[in-house]
Amino acid sequence: MVNAGDMNGSGNLMDFLDEPFPDVGTYEDFHTIDWLREKSRDTDRHRKITSKSKESIWEFIKSLLDAWSGWVVMLLIGLLAGTLAGVIDLAVDWMTDLKEGVCLSAFWYSHEQCCWTSNETTFDDRDKCPQWQKWSELLVSQSEGASAYILNYFLYIMWALCFAFLAVSLVRVFAPYACGSGIPEIKTILSGFIIRGYLGKWTLLIKTVTLVLVVSSGLSLGKEGPLVHVACCCGNFFSSLFSKYSKNEGKRREVLSAAAAAGVSVAFGAPIGGVLFSLEEVSYYFPLKTLWRSFFAALVAAFTLRSINPFGNSRLVLFYVEYHTPWYMAELFPFILLGVFGGLWGTLFIRCNIAWCRRRKTTRLGKFPVLEVIVVTAITAIIAYPNPYTRRSTSELISELFNDCGALESSQLCDYINDPNMTRPVDDIPDRPAGPGVYSAMWQLALALVFKIVITIFTFGMKIPSGLFIPSMAVGAMAGRMVGIGVEQLAYHHHDWIIFRNWCRPGADCVTPGLYAMVGAAACLGGVTRMTVSLVVIMFELTGGLEYIVPLMAAAVTSKWVADAFGKEGIYEAHIHLNGYPFLDVKDEFTHRTLATDVMRPRRGEAPLSVLTQDSMTVEDVETLIKETDYNGFPVVVSKDSERLIGFAQRRELILAIKNARQRQDGVVSNSIVYFTEDPPELPPNSPHPLKLRRILNLSPFTVTDHTPMETVVDIFRKLGLRQCLVTRSGRLLGIITKKDVLRHMAQMANQDPESIMFN
C-alpha cells in the first residue's frame, strides 16, 4: 500500500484541478449549453466577488464595475445598433433611387434630398427638379417616349441584377451565415444552442453591407428581420469584451435577448414593441433584470436613430401617420375580415415557402444559389418596373398606403372628385366619390398584390439577407387599402343603409382607407409570425395610431386564430424544424402518455450504457472510452456491478483535464488510476500517481425515475434548459435521456421523421 507520507506529498499535484484551466466550461460547436451549470457558475462568481469586495477599496471598485458592466454593454449595443440602422436606411434610400436616376449637384443625394436642396422646385412638381435626372435624360437627353422608357427599364434591371449579384457573392465568399432572416437561428441560439460564427464580426460586416444591396435591388424582402441579427452580432461582440459574459454562455444569452429588443427598436422605431418582441417571440430565458436592460438598450438604440434622422421627418420611421377620424363599431366587421385574410395568407405563405425551401435543400437547386438569386431578381425587376406600386421601394409603398388623403396629396389613390362648393378645414375632408385615378390605382394594386404574394414565397430563404416583416405588411396594406376604398365608396353611395345611417351622414368624413391598410398590414404580419401583443404595440408605435389599438387587436387575434386552425407553427418555427435545430418550443403541447423508460437509452437489444467508475478506471481506459464513443458525457457510478450513481462528467472536460494533467502533473501516465472521490483509493506500492478529477464531476445531475411521465420530462427539459437527464430506479442507473432523444420522441409522436433532428 502507498504510505501516508507519499500520499500527502503528492496532494498538491493531485488537486491541481482546483485551479481553473483554459477552455474548461466551454462547449463545442453545434452543442447545447447546460443552463443549470451556467447559472450555478455565475452564482459562484458573484458570491466570490461579493466576499472579496469587503477586503479592500480596490476589490470594492471592481465589484461596482462588475455590477455596472451589464448597463455599459447595453449602452454600447444601443449606440452601435442605432448607428448601423441609420446608415443602412440612408444607403438604401440613395441606392434605391440610383436605379432610376442620379443627382447632378451631388451624386450621393437621393431623389428627395436632391430636390430639397433645389431652389427651382415647385410644390406641384415637388418630385421634379433640374438637378435630378433620369438615366434616359442623362444618356440620350430624352425624358419621354418609347426609347427613354426602354432605356430606363433596361438600366433599372441592370442595377437590380448588379446589386443582387454583389450581395450573394459577398455572402457566399465571406460570411455564409449572413443569409436569411436570422431570427430562426437567433431563437435557437437563445434556447441554448451553440452556432459558432453565426454572431461573428464577419457576419456583422457582410450582413450590414449586403442588407443595403438586396433591399436596394428591389427584391420582395425587408431589412427589419435581419436588423435583429445585426443587433445580436453587436451584442455578441460587446459581450466578448467583458469576462462576465464571454465566459458564461447563459449570461451571454441575456445580453443577446436585450440586443434583439434593440434590433426591433431601430427596425420599426418601436422601443417598447422591441422589448415585447424579444419577450414574446425570440427569448427562451427572460428574467426581470433582462427586461430592464432590454428596455434600456431599446431606448438608447431608438435615441441614436432619432439623432441620425434618416428619413428627414423627425420621426423614427417612414410610416408615421395621423388620422383625423375615429373608427366606428360597424367597421369591426371589415377589420375582422382582414384578420381572416391575414390568417389565410400566413398559412398559404408558410406552406408554400417551406415546400420550396425543402425542395431547394433536397434537389440540385440548392447547388446554384447565385443563379437562383439572379433569376429571381431578374423576374422581380422585369415584372415590377411597369407597375408604379411595385417599382418603388416596399417601405415607400406601405407609407403611401397608410397615408390619409389630405388636400395636398398628389397620389393616384387620392384622386377623388371634389365638390366645388366645399369650404371645410384641410384636415376634415368629407367622403367623396372616387375619380378615375382611384379606379386605375385599384387595378394596379390588385396586380401588385398578386405579384407580391407569389414572388415573396420564392424570395424568402435565398442565400441573401432577407426579412419578411415588410413584404408581409405590404401584402396586408394593399388588401386593406382596397377594402378601405370599397367600404368608403359603399358608405358614400349608400349612406341611407341601416349600417351607415347612425354614423355616416352625407358630407361627413366617415371612413379612413389608410386605417384599413394599417389593420391589414398587422393581420398579415400576425398570420405569418403568429405574434399578438408585440405586433399590436409595434404597429401603434410604428404609425402613431394609439386610438386604433382595438381594430389592430381584433385583426391580430383573428389572424392568429385562423392561421392556428391550419397549423400551430409560425414561419420562424417552421424554418427551425426544416433546418433540424434542437429547439424545444414552449408553445408546443405534449399530451401523449409515454414514460421515461420508453424514451431512455439504451433500449432493449442495444449495448449497455457507457459509464465511468469512481475509482477503478485508468487514464487509458477513459481515453479509449472517449475515442470509441461520441457521447457528450458519461455517468459516473460506484462500480459496474452496483451501478449506484455518483455524478456526471462532460466529455470535453474529461479530454481537457487529462491533456492538462499530462502536461502539468508529473507521474500521470496511461495506467494511472482516475478517481472522482474526495480521498484517493488505496493503491499497491510503486503504482503511478493517481489522477483526481472530482472538480469536473457534476455531483448533482438531474435524475428522474423510469416511471416518470414523458409529459413531466418534456416540461423539465423546457423549463430548466437541460442537456441530458439520467434515469434511475432506487438509486441505480438505468439509462439517459438527452434533449435530442426528447425531440426525436416528440417528432415520432407527431408522425414526423425523427431523424429530421440533425444536431446534437
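Across all Cα atoms of segment 596-750, the radius of gyration (one decimal) and Dmax (whole number) stand at 16.9, 60 Å. When the helices of the chain are scored as -39500 (n - 2.57) per DSSP H run of n ≥ 4 and the total is divided over every residue, the value at 222 nm lands at -18000 deg cm²/dmol.
About its Cα centre, segment 596-750 has a charge dipole of approximately 560 debye under the convention of +1 per Lys or Arg Cβ and -1 per Asp or Glu Cβ, with nothing else charged.
Centre-to-centre separation between the Cα atoms of segment 175-242 and those of segment 258-296: 16 Å.
Along the axis of the charge dipole computed for the chain (Cβ charges of +1 for Lys and Arg, -1 for Asp and Glu, origin at the Cα centre), the listed residues V637, L204, M329 are led at the positive end by V637.
In segment 691-742, what percentage of the DSSP-assigned beta bridges are antiparallel, given to the nearest 5?
On the way: 6 of 9 bridges.
Among the beta bridges of segment 691-742, antiparallel pairing accounts for roughly 65 percent.
Over segment 96-174, Cα pairs under 8 Å with separation of 6+ residues give a relative contact order of 26 percent.
Computed over the chain, the P(r) tail beyond 48 angstrom holds 30 percent of alpha carbon pairs.
What is the sum of charges around R358, taking Lys and Arg as +1, Asp and Glu as -1, for the other residues whose C-beta is under 13 Å from the C-beta of R358?
Details: positive: R351, R359, R360, K361; negative: D753.
Within the 13 Å Cβ shell, the charges total +3.
Using the beta-carbon distance between E678 and L205 and R0 = 51 Å, what value does 1/(1 + (r/R0)^6) give for FRET efficiency, to the nearest 0.05?
Numbers: r = 51 Å, r/R0 = 0.99.
With R0 = 51 Å, the Cβ-Cβ based efficiency is 0.50.
Multiplying the residue separation of F566 and A607 by 0.36 nm and subtracting their alpha-carbon distance yields 10.5 nm. At 1.4 Å probe size, with the rest of the protein present, what percent of the exposed accessible area of the chain is carbon and sulfur atoms? Carbon and sulfur together cover 60 percent of it. Helix 651-664: angle to the longest alpha-carbon principal axis of the chain, degrees 0 to 90, nearest 10? For helix 651-664, the angle is close to 50 degrees.
Separation of segment 40-83 from segment 664-730 is 32 Å, based on Cα centroids.
Within the same chain, lysines fewer than 8 places from K223 are excluded, and of the rest, those with a Cα less than 21 Å from its Cα are K99, K187, K201, K207, K452, K463.
Taking a ≥ b ≥ c as the square roots of the eigenvalues of the Cα gyration tensor of segment 177-318, is the shape rounded (a/c under 1.5), prolate (a/b larger than b/c) or oblate?
Details: a/c = 1.76, a/b = 1.26, b/c = 1.40.
Oblate is the answer for segment 177-318, as a/c is 1.5 or above yet b/c matches or exceeds a/b.
Highest mean first, what order results for 541-547, 734-740, 216-222 on Cβ atoms within 10 Å? Don't skip to the end; give the middle numbers.
Values: 541-547: 19.3, 734-740: 22.1, 216-222: 26.4.
Those peptides, ordered most packed to least, come out 216-222, 734-740, 541-547.
For the peptides 370-376, 570-576, 337-343, residues were scored by their other Cβ atoms within 10 Å and the scores averaged per peptide; the highest-first order is 337-343, 570-576, 370-376. Rolling a 1.4 Å probe over the heavy atoms of the protein chains gives the chain an accessible area of 45 Å² per residue.
If you average the sequence gap of Cα pairs under 8 Å that are 6 or more apart and divide by the length of the chain, what percent do you get for the contact order?
On the way: 1319 pairs, mean separation 115.7, N = 760.
Reported relative contact order: 15 percent.
At 25 °C and 0.890 mPa s, grab the translational diffusion coefficient of segment 96-174 from Stokes-Einstein with a Kirkwood Rh over Cα pairs, rounded to a whole number in µm² per second. Estimated diffusion coefficient is 178 µm²/s. Once the Cα atoms are used to define both axes, helix 249-268 deviates from the longest principal axis of the chain by about 0 degrees. The C-alpha atoms of the chain define a longest principal axis, and helix 369-384 lies at about 20 degrees to it.
Distance from the Cα centroid of segment 546-593 to that of segment 630-644 is 41 Å (rounded to whole angstrom). Remark on the chain: C162, C179, C232, C233, C234, C352, C357, C524, C725 stand apart, with no other cysteine beta carbon under 4.7 Å. Please work out whether segment 549-648 counts as rounded, prolate or oblate from its C-alpha gyration tensor, where a ≥ b ≥ c are the square roots of the eigenvalues and a/c under 1.5 means rounded, while otherwise a/b larger than b/c means prolate and anything else oblate? Taking the square roots of the gyration eigenvalues as a ≥ b ≥ c, segment 549-648 is prolate.
The dipole here belongs to the chain: it is taken about the Cα centre, uses +1 on the Cβ of Lys and Arg and -1 on the Cβ of Asp and Glu, and is about 1560 debye.
The values are calculated or read from the model by the stated rules, or taken from the named source; none is laboratory data. Model, not experiment: these values are computed from the prediction. FYI the Cβ positions are ideal-geometry reconstructions off the backbone, even for glycines, and counts take in every protein chain you see. SASA here: full protein model, heavy atoms, side chains in, ligands and nucleic acids out. Shrake-Rupley method; radii C 1.70, N 1.55, O 1.52, S 1.80 Å.
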